């Protein structure tokens, strides 16, 4: 079964970097993208990806709100959420975990770290 990954970020270069990084995964997962929180939540609810890379600061709906909405939907209980942000304070991490994120990665991120994290999550799902 092909795994699906969603990238929800309003910055085009971040989406492109993540897509390029994740193309190296075994099994050729399907990679879907959204440019804001509202579009991202709709994508996640419709496609039910195994893994979501979710930016925190986005227009229309921020990543914390998207994450909390995903966690309230029992049909999405198996979705792993990785929050991505330039805000690396401990309070930001705590807020992400409170919203239901599984992992928290600070930008700029190491593509190798992203790839390894995706491999682990997809192997477990």
- prompt: Restricting attention to region 19-44, which residues are touching a helix residue (DSSP H, G or I) at 6+ places or on another chain (Cβ under 7 Å) and in a helix (DSSP H, G or I)?
  reply: 21, 22, 37, 40, 41, 44
query: Just one of the numbered conditions (1) touching a helix residue (DSSP H, G or I) at 6+ places or on another chain (Cβ under 7 Å); (2) within 20 Å of residue 106 (Cα to Cα); (3) at pLDDT 95 or above is not true of residue 12; which one?
result: (1)
field: Which listed residue is at pLDDT below 95, closer than 20 Å to residue 20 by Cβ and assigned to a helix (DSSP H, G or I), from 98, 113
entry: 113
Of residues in region 58-68 being part of a loop (DSSP other than H, G, I, E, B) and free of Cβ contacts under 8 Å to residues at least 40 places away in the same chain, the one farthest from the chain's Cα centre (by Cα): 60
field: All positions within region 69-95 that are part of a loop (DSSP other than H, G, I, E, B) and either closer than 16 Å to residue 58 by Cβ or without any contact (Cβ under 8 Å) to a residue 12 or more places away in the chain (or both)
entry: 77, 86, 87, 89
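The values are calculated or read from the model by the stated rules, or taken from the named source; none is laboratory data. It should be emphasised that the depicted structure is a prediction, and the values quoted were computed from it without experimental measurement. Positions of Cβ are backbone-derived with ideal geometry, glycine not excepted, and every protein chain shown enters the neighbour counts.
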